[in-house]
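Colleague: Below is one structure. I have some questions about it.
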């Protein structure tokens, strides 16, 4: 039995490039029921969102960053990040830097909290 190994990135590229009509079961192929329309729409939204995040992440410039952090991650997270690097070519440092930048961008209340906490800090 021959099994073909494909990466997540290959599957993502293939699913993005293929239209909903070219997916198995979409045209009523025998033996394969068509997936429900709601699932097709949800899958397409997830793929589009993942593609946009991957583009933003790969375009994120962290070359001028000089400070180093040593985050403590559990083994499952490290394994997932290693798999992500193999699938997308985006290393852990870029992933973590982008994620932190995105977190602060999406939740400016965190910056406000930090500023207020430092103003109320007494030695």
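Colleague: Which part of region 84-107 falls in the paramagnetic zone of residue 7, meaning amide N under 16 Å from the point 7 Å along Cα-to-beta-carbon?
Modeller: Residues passing the 16 Å test: 84-95.
Colleague: Oh, and also: Under the rule a/c < 1.5 gives rounded, and otherwise a/b versus b/c splits prolate from oblate, where does region 79-123 land using the Cα gyration tensor?
Modeller: prolate
Colleague: When you count, for each residue, the other Cβ atoms within 10 Å and take the mean per peptide, how do 75-84, 111-120, 95-104 rank with the highest first?
Modeller: 95-104, 75-84, 111-120
Colleague: Using a Förster distance of 25 angstrom, determine the FRET efficiency expected from the C-beta separation of residue 15 and residue 60, and round it to 0.05.
Modeller: 0.60
Colleague: In nm, what is the difference between 0.36 nm times the number of residues separating residue 109 and residue 69 and their Cα-Cα distance?
Modeller: Extra length available between residue 109 and residue 69 comes to 12.1 nm.
Bear in mind these aren't lab numbers, they're just calculated from the coordinates by the rules spelled out. Values in this document were obtained by computation on a predicted structure and should not be read as measured data. Please note: Cβ atoms are built from the backbone with ideal geometry, for glycine as well, and neighbour counts cover all protein chains shown.
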